[in-house]
Structure formats: C-alpha cells, structure tokens
Amino acid sequence: MATYLRRVDDTIVALATPQGVGAIAVIRLSGKEAIQMANRVFFGKNLEVQASHTIHFGTIRDGDRIIDEVLVSLFVAPHSFTKENVVEISTHGSSYIVNQVLRLLVRQGARPAEPGEFTQRAFLNGQFDLAQAEAVADLIHSDSETSHQAALHQMRGGFSSDIRELREKLIHFASMIELELDFTEEDVEFASRDDLRLLVEKLLRVVEQLISSFDLGNVIKNGVPTVIAGKPNAGKSTLLNALLNEEKALVSDIAGTTRDSIEDEITLGGVVFRFIDTAGLRETTDTIEAMGVSRTREKMKSASLILYLFDLGDTDLVEINRDLNKLENIGVPFIKVANKLDKGNPQFINILKEAHPDTLFISAGKKENLEELKEKILEQVNLDKFRTGNTVVTNIRHFDSLTRTRESLLDVLGGLDQEVSNDFLAMDIRRSLHYLGEITGEITTDDLLANIFSKFCIGK
Ligand SMILES: Nc1nc2c(ncn2[C@@H]2O[C@H](COP(=O)(O)OP(=O)(O)OP(=O)(O)O)[C@@H](O)[C@H]2O)c(=O)[nH]1
Ligand SMILES: [Mg+2]
C-alpha cells in the first residue's frame, strides 16, 4: 500500500478474469493511450479510427510472432467504466498467452494496475461515488441472492442519492449561518431556525433508518450466524455435517469430541446461514474442553439463532426445562430440536410433544426431517425483511460514518434548543456534513482510499 496516490494520467493494464486456465481470458487496458498501445500489437483493423463499443477480430503479434487470435472491444472515453479509453482484449485462456500479451503491453508503456485501480479511476472520474465503488467490490463477492440484491441496489445509487440531496440542503444552511456571522452587529437571520430544525430532523430520520438497517445488512453480507448448541453427544457435529452434506466436523460417541467451534455456510432460500458447531455444554475439569465450553457460550450470545439440540435417549423433561430457561435468559431466538428420533422412546416423545409442542423431531444420523428443520430456520429469520427493496447498509465504514453523523446532527438539534451562538451551530453542522461526505466520498483522505481500494483484486 506504499505508493498510494497513484498516477492517474498513465495507462494501466491487468488481467480482468481470474488467474488460471479458462476458455477465454480478458485483458483490460485503461488510460489515454489505451487504444494506441493496443493498436501497436494488434493486427487487423486500425483500432484508432473505430467507433466506441465495437468488437474487432485480429491477431496479437510480438514482431513477426503471432501470440494469439483475439477479439478486441473498444470503449472510447468517456463512455467506459473508468471514463477513460478502455480496450478489452479477449484471448484464449492460457496463462502463457496472458503473460505474453501483458508483457507486450507493458513494453508499449502500460503500467500493471494495482488492486482496485480500475474502480478507483471510475470513482475519481466521477463515474460513481465512494459508496457505489465499494458496492462494486461487494457485488463481485456476493454469493447469495440477497447479498447480490443489496450490492446491486447500492451500486446503482442506493442511499447515495438521498444522502447527497439532504447534504446539499444542509450545506446551504451552513453557509447562510456563516454569512450571519459577518453581520453580527445587525442581528439578521438568513437561515430560518425552524426550517433548519425540520431539515435536521428529516436527515436524522434517514440516517437512523440506515443505521438500523445495518444489522440486517451485516447478516446479508456475512450470513446469519446460527449456533448449534447442546449437551455433549447430542449429535451437533452430525447435524452440521448433515446440513452441509460434507464430513466437516469429527463425530464420535465420546462425549466432548468437539472442542473448538467449527463453522461453514450454506444458502437456504437465497439467504446465507453460517452454521456454527460448538463444544457440548457441560461442567468439565478438562482445561481445553472448558475453554471450548466458554467459547460456546460466547458464540451463543452473539448468534442470531440457536438450534438447541438434545438427544431423545439421554435427557428428561427436567433437564430440558432447565436448559430452555437458561436459553431464554440469553435472549437470542432458538429452535428446540430433539435428535436421534430413530431410537427415541415413544412415551417420552409424547410427553415432550405435550410439554413443548413446538419441538422439532429429527434424526441427524439418518438425515430425517432435515427439510422441516431448514424450513423452520428460514421462518425464524423473517424472510420478508430481506426481500423488501429498501436500502440496507452492509458496510461497516458507512455504519461508522452514519453513527457519527447522527451524533453531530443531535448536537445541532441540541444547539437549536439552547439557542447557542451561530459559530457553535455552524461548527456542528459542518461536522455533520463532514461525516455525511465521508460516506459518498465528497470527503476523503488518501488513507481511506488506499484502505478501500486495496481490498479489491487486481483487474477490478
Ligand atoms: N442413533 C443415532 N445416533 C446419532 C444421531 N445423530 C448423532 N448420532 C451419534 O451420536 C454420537 C455423538 O454425535 P456427535 O455429532 O459427535 O455429537 P456432538 O453433539 O457433536 O458431541 P460433542 O462434540 O462431544 O459435544 C455419534 O456416535 C453419532 O453417530 C442420530 O440421529 N441417531
Ligand atoms: Mg461435536
């Protein structure tokens, strides 16, 4: 991350498709000289006189040597992703060919792009704001229907436009109040305090709604953390494996098999769930196991959902009631899951059905009733809130800036209540503007940009 503020007037090149063998590979060039550079190694039509958004067949040559037959797509500035001249060369997907073409272009004067540099140029050239640029990264990494929707919505504008509009109005107030400072003698009021209050209250509502969407946003991005908890040997690891369809966790009839928590993701109904298998809950004198048990308790507290699993053949109603009591104290939603139905005692099953009608009976070992369990899990997370077209904040950086914006807006309101002097009021408004501007990138620092774009991969 050393050389951050990168030059922006040169031409950059990188492989835009994944490394490795594929049917085709796409090499992307962006910058003033992109078309000339490509033209010098391309044999076919003269690229410099072709229209934007056209594709051309030809060969790439190093002197007399043909490297590959390719298709070249042209995007003439400003009608491209970066708003610069962009050339995309589709070659056959061999890493040998890719390396040869890259080297050839570097010899023509192109510079190998750094991670995220294409997206950074798009941002710097005003293609979109910072929040949208970050959504590009999210979109690339989204692997479920809901995370994809959230990222796409944000990339296409999302909350940026709302924020930008309100921010502009606030800027207007800030300047009016600052103007009043020049006329202190005259006691004039350019900015109506009532209108200012209305605007700040409106902004606060938007900001608060965005802040509260973050819990959901976080879940969409990182998966719903779902802890499988219960006594040793209840079959927690067996259940994890059955849900994942993979032998991820060790299973044995020795109580205390799982010591550290084991996690993996699956997608149910378009939502990613992160299932966490934990060390069985019991008092133990084994130091390592005890560490595992305390980790289980932490995981339970921070979960969005707990599957409380018990072995039908190794428990009674007293124990179940006691455990459920403890669970209620944690305050995380949970599902009661009775395991080992295949060897359950019918009498006990009836007692249980009476006492806890919402118990789900499964056999993790025999993979019975797992579909019902999955349905119940999905019900619990209330899918409707995932499906609304509302904007959700999925990015911790935005969440931070929004939280600070809220604080400063509350200061503005407090200042209005107490009729503080104009310079204090103006200061609090400026502070709100600063944090709002951080989200969309009107206010940036090199460090911030470096941090954001370095998380992209090369070629993005
Ligand atoms: N009969 C029967 N046995 C099961 C079932 N599910 C799990 N078992 C067995 O129960 C034993 C314990 O299973 P695990 O999955 O290791 O249990 P655990 O809850 O992860 O146990 P710890 O990691 O020790 O806390 C193993 O011998 C499994 O084969 C089931 O549905 N029916
Ligand atoms: Mg286990």
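The values are calculated or read from the model by the stated rules, or taken from the named source; none is laboratory data. Quick caveat, the model's predicted, so the values are computed rather than measured. Cβ: placed from backbone, ideal geometry, glycine included. Neighbour counts: every protein chain shown. Remember, those area values only see protein heavy atoms, side chains included, never the ligands or the DNA or RNA. Shrake-Rupley method; radii C 1.70, N 1.55, O 1.52, S 1.80 Å.
With a ≥ b ≥ c the root eigenvalues of the C-alpha gyration tensor of segment 140-195, is it rounded (a/c under 1.5), prolate (a/b larger than b/c) or oblate? Judged from the Cα gyration tensor, segment 140-195 comes out prolate (a/c at least 1.5, a/b above b/c). Using a Cα distance threshold of under 24 Å, what count of lysine pairs results for segment 188-326 when pairs must be 8 or more residues apart or interchain? Lysine pairs meeting the criterion: 15.
For the chain, calculate the relative contact order in percent as a whole number, restricting contacts to Cα pairs under 8 Å that are 6 or more residues apart. Reported relative contact order: 17 percent. Between residue 21 and residue 374, the modelled labels are 3.4 nm apart [label points 7 Å from Cα along Cα→Cβ]. Return the carbon/sulfur percentage of the accessible area of segment 1-114, one whole number, probe 1.4 Å, all protein chains in place. Percent of accessible area from carbon and sulfur atoms in segment 1-114: 56. Rounded to the nearest 20 debye, the dipole size of segment 105-200 about its Cα centre is 880 debye, using +1 on the Cβ of Lys and Arg and -1 on the Cβ of Asp and Glu.
For the chain, the share of DSSP beta bridges that are antiparallel, to the nearest 5, is 65%.
When you count, for each residue, the other Cβ atoms within 10 Å and take the mean per peptide, how do 426-437, 410-421, 138-149 rank with the highest first? Can you show the working numbers first?
Details: 426-437: 20.5, 410-421: 14.9, 138-149: 17.4.
Answer by packing, highest mean first, reads 426-437, 138-149, 410-421.
Per-residue accessible area (protein heavy atoms, 1.4 Å probe) orders 409, 378 as 378, 409, starting from the largest. Per-residue SASA remark: residue 398, around 10 Å² accessible (1.4 Å probe; ligands, DNA and RNA not included).
Scoring 100-109, 339-348 by mean Cβ neighbours within 10 Å over their residues and listing the highest first yields 100-109, 339-348.
Hydrodynamic estimate: the Kirkwood radius of segment 270-337 over Cα pairs, inserted into Stokes-Einstein at 37 °C and 0.692 mPa s, corresponds to D of 248 µm²/s. For segment 330-460, the relative contact order is 16 percent, taking Cα pairs closer than 8 Å that sit 6 or more residues apart in sequence and dividing their mean separation by the residue count. Here the chain yields Rg over Rh of 1.10, to two decimals, using C-alpha coordinates and the Kirkwood radius. Please work out whether segment 229-306 counts as rounded, prolate or oblate from its C-alpha gyration tensor, where a ≥ b ≥ c are the square roots of the eigenvalues and a/c under 1.5 means rounded, while otherwise a/b larger than b/c means prolate and anything else oblate? Taking the square roots of the gyration eigenvalues as a ≥ b ≥ c, segment 229-306 is oblate.
In segment 86-156, Cα pairs under 8 Å separated by at least six residues give a relative contact order of 20 percent.
Eigen-decomposition of the gyration tensor built on the alpha-carbon atoms of segment 405-460 gives equivalent ellipsoid semi-axes of 34, 9, 6 angstrom, largest listed first.
Taking all protein chains in place and a 1.4 Å probe, what share, in percent, of the accessible surface of segment 221-348 do carbon and sulfur account for?
48 percent
Think of segment 266-339 as having a plus end and a minus end, set by charges on the Cβ of Lys, Arg, Asp and Glu; of 292, 279, 329, 329 sits farthest toward the positive end of this dipole. Ranking 412, 196, 256 by how far each Cα lies toward the positive end of the dipole of the chain (charges on Cβ) leaves 256 at the top. Distance between the 7 Å Cα→Cβ label points at residue 291 and residue 8: 4.9 nm.
Based on protein heavy atoms only, the chain ends up with 49 Å² per residue of surface accessible to a 1.4 Å probe.
Give the shape of segment 1-157 as rounded, prolate or oblate, defined through the alpha-carbon gyration tensor: a ≥ b ≥ c are the square roots of its eigenvalues, a/c under 1.5 means rounded, and otherwise the shape is prolate if a/b is larger than b/c and oblate if not. Prolate is the answer for segment 1-157, as a/c is 1.5 or above and a/b outweighs b/c.
Restricting the calculation to Cα atoms, every distinct pair contributes to the Kirkwood radius of segment 102-178, found to be 15.0 Å. Highest mean packing comes first when the peptides 114-120, 58-64, 308-314 are listed by Cβ atoms within 10 Å, giving 114-120, 308-314, 58-64.
Tell me, what is the Rg over Rh of segment 176-253, with Rh the Kirkwood radius over Cα pairs?
Values: Rg = 28.3 Å, Rh = 18.3 Å.
Reported Rg/Rh, Kirkwood definition of Rh: 1.55.
With the simple model of a label 7 Å out from the Cα in the direction of the Cβ, residue 139 to residue 347 spans 6.4 nm. Could you state the number of Å between the C-alpha centres of segment 20-64 and segment 344-370? One Cα centre to the other: 65 Å.
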